[in-house]
Each structure stands twice: as C-alpha cells, then as structure tokens.
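K.L.:
Before we start, here is the structure in question, set down as structure tokens.
The values are calculated or read from the model by the stated rules, or taken from the named source; none is laboratory data. If you're wondering where the values come from, they're calculated on a predicted model, not measured in any experiment. Here Cβ is always computed from backbone atoms with ideal geometry, including for glycine, and neighbour counts include all displayed protein chains.
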Amino acid sequence: MTACPIVLVGLMASGKTTVGRLLAERLNFRFVDLDEEIERQAGASVEQVWQAIGESGFRELEARVTQALAPESDTVVATGGGWMANGEAHEAWPEARTVWLMVSPSEAARRLGSQTSSRPLLEGAEPLPILERLHAQRLPAYGQAMYTVDTIGLSVDDVVAEVTRVIGLRAGP
C-alpha cells in the first residue's frame, strides 16, 4: 500500500483526537486536529466560529481548511464529527486512508457526560437524541470510510492497535 495520510472520522466522542494523537506518536507521524487548525486559521474557537457563521458557514470553512491543509503521507488527521458528511471536504483528500472510529450514540453520550458546552450541536440540549439523529444522518458517509474500527469496550491503546492492524502498519511500542 502506498503511503497516504490517515484520516480518523466518526461521531463526536468516538475518540478521533485522543486516538489520533497516540497513533501519530506510535507511528512517528505528524498529528493534525482539523478543529484546532480551523481555530488557528479563524483566530477563534470552533464554538465562536459556529456562532458567528452558523453550521453552513462552518462547513464551508472546514472544506477550505481541508483543501489548504493537504496532509503529507506521514500525517494522522483527526476530523470533526461532520467532516465525512461534508463531501466538499472529504473529497479533497481522495488518497487518504479514512478510518471510521465507530461508536454508538448512547456510548458517545456517555463519554461526553456533562461536557457538552463546547459542542455547538449539543449546546443547551439533551445530547442523546441529537447524537442519534446525527448518527443516522451521517451513517452513509461514515460507511464510505476505507476501514472501520468499533471502539466500544476498547481502551485507547486497543483502538490504536486495531487501527494499525486494519491499515497494515506497524506501530512502535
């Protein structure tokens, strides 16, 4: 398999950033959190950007940042939860090895706990019904990922090991 960036996709709280950082460390790859890159380029937090320009404006910005980023082969990218469903964004990296970190809406809600204030789509609402709706809407897009790793019941180390296994790479200790 040719060297390509590894792009982690999935519902919020699926572990994209946590797994991505450890995966990059183990592979000696560069790590990029797409939301952090958006914040850097916008000069504001995701929540502030979302508030200022709304979801459609955010998705346009996400696509522009994705197109400008052009990750190298030795890069792991953690995307936002809606990135895979943003065709303009994910089509910008056709060579990327996309890995869907699968999580159920109930497990995502459990993982989030009360920490929903930094999630614009969950602000001021009960998270489970929203996560269920988002999951149902995005399922066809997530299903287009090259690889799928079910994260339920796995530690972060186990998820990293499974990602490296399914994409055929060896991680360091």
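K.L.:
Looking only at the stretch 60-86, count every residue that is of a type outside the set (A, V, I, L, M) and crowded, with 19+ Cβ neighbours inside 10 Å and tell me the total. Outline the logic, then answer.
P.N.:
Let us first name the residues in the stretch 60-86 that are of a type outside the set (A, V, I, L, M), namely 60, 62, 64, 66-67, 71-75, 79-83, 86.
With the extra rule that they be crowded, with 19+ Cβ neighbours inside 10 Å, the set shrinks to 62, 66, 71, 75, 79-83, 86.
Residues meeting the conditions: 10.
K.L.:
While we're on this one: Among 65, 9, 32, which is the only one that is among the hydrophobic types (A, V, I, L, M, F, W, C) and in contact with a Pro (Cβ under 7 Å, 6 or more places away or on another chain)?
P.N.:
Only one candidate qualifies: 32.
K.L.:
Here is a further query. With (1) part of a helix (DSSP H, G or I); (2) modelled with pLDDT of 90 or more; (3) touching a Leu at 6+ places or on another chain (Cβ under 6 Å); (4) of a type outside the set (S, T, N, Q) as the list, and residue 107 as the residue in question, which single condition is left unmet?
P.N.:
The one condition residue 107 does not meet is (3).
K.L.:
Any idea how many residues of the stretch 59-101 are among the polar types (S, T, N, Q) and part of a loop (DSSP other than H, G, I, E, B)?
P.N.:
Initial filter on the stretch 59-101 (among the polar types (S, T, N, Q)): 66-67, 73, 75, 79, 86, 98.
Remaining after also requiring part of a loop (DSSP other than H, G, I, E, B): 73, 79, 86.
Total meeting the criteria: 3.
K.L.:
Taking the conditions exactly as written (of a type in the set (A, V, I, L, M) and either farther than 29 Å from residue 155 by Cβ or surrounded by fewer than 16 Cβ atoms within 10 Å (Cβ to Cβ) (or both)), does residue 89 satisfy them or not? It would help to see each step written out before you state the result.
P.N.:
Details: of a type in the set (A, V, I, L, M): yes; either farther than 29 Å from residue 155 by Cβ or surrounded by fewer than 16 Cβ atoms within 10 Å (Cβ to Cβ) (or both): yes.
Against the criterion (of a type in the set (A, V, I, L, M) and either farther than 29 Å from residue 155 by Cβ or surrounded by fewer than 16 Cβ atoms within 10 Å (Cβ to Cβ) (or both)), residue 89 qualifies.
K.L.:
Please specify each residue of the stretch 29-51 satisfying the condition of being polar (S, T, N, Q) and assigned to a loop (DSSP other than H, G, I, E, B). Before you say what the answer is, go through the steps one by one.
P.N.:
Pass one, the stretch 29-51, residues polar (S, T, N, Q): 41, 45, 48, 51.
Of everything in the stretch 29-51, just one residue is polar (S, T, N, Q) and assigned to a loop (DSSP other than H, G, I, E, B), namely 45.
K.L.:
Here are the criteria: (1) in a loop (DSSP other than H, G, I, E, B); (2) modelled with pLDDT of 85 or more; (3) of a type in the set (D, E, K, R). Tell me which single one residue 119 does not satisfy.
P.N.:
(2)
Conditions (1) among the basic types (Lys, Arg); (2) closer than 16 Å to residue 140 by Cα; (3) under 14 Å from the mean Cα position of the chain (by Cα), marked per residue:
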residue: 60; (1), (2), (3): no, no, no
residue: 66; (1), (2), (3): no, no, yes
residue: 69; (1), (2), (3): no, no, no
residue: 77; (1), (2), (3): no, no, yes
residue: 86; (1), (2), (3): no, yes, yes
residue: 96; (1), (2), (3): no, no, yes
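K.L.:
Among the candidates 39, 88, which residue alone is among the acidic types (Asp, Glu) and in contact (Cβ under 8 Å) with a residue 12 or more places away in the chain?
P.N.:
Details: 39 fails: in contact (Cβ under 8 Å) with a residue 12 or more places away in the chain.
Residue meeting the stated conditions: 88.
K.L.:
Go through (1) out of contact with any Leu (no Cβ under 9 Å at 6 or more places or on another chain); (2) farther than 30 Å from residue 154 by Cβ and name the single condition residue 55 misses.
P.N.:
All conditions pass for residue 55, except number (1).
K.L.:
Under 9 Å by Cβ, and 6 or more places apart or on different chains, what pairs join a residue from the stretch 145-162 that is touching a residue at least 60 places away in the same chain (Cβ under 8 Å) with one that is surrounded by fewer than 19 Cβ atoms within 10 Å (Cβ to Cβ) and part of a loop (DSSP other than H, G, I, E, B)?
P.N.:
Pairs that qualify, where the first residue is touching a residue at least 60 places away in the same chain (Cβ under 8 Å) and the partner is surrounded by fewer than 19 Cβ atoms within 10 Å (Cβ to Cβ) and part of a loop (DSSP other than H, G, I, E, B), are 160/171.
K.L.:
Output the residues belonging to the stretch 1-23 that are of a type in the set (Gly, Ala, Ser) and surrounded by 21 or more Cβ atoms within 10 Å (Cβ to Cβ). Write out each step before concluding.
P.N.:
Looking only at the stretch 1-23, we keep the residues that are of a type in the set (Gly, Ala, Ser), and these are 3, 10, 13-15, 20.
Scanning the stretch 1-23 gives 10, 13, 14, 15, 20.
K.L.:
Of the conditions (1) under 16 Å from residue 17 (Cα atoms); (2) surrounded by 21 or more Cβ atoms within 10 Å (Cβ to Cβ), residue 49 fails just one. Which one is it?
P.N.:
Going through (1) under 16 Å from residue 17 (Cα atoms); (2) surrounded by 21 or more Cβ atoms within 10 Å (Cβ to Cβ) one by one, residue 49 breaks only (1).
K.L.:
Just the residues that are over 16 Å from residue 158 (Cβ atoms) and either within 9 Å of the chain's Cα centre (by Cα) or not in a helix (DSSP H, G or I) (or both), please, taken from the stretch 11-28.
P.N.:
11, 12, 13, 17, 28
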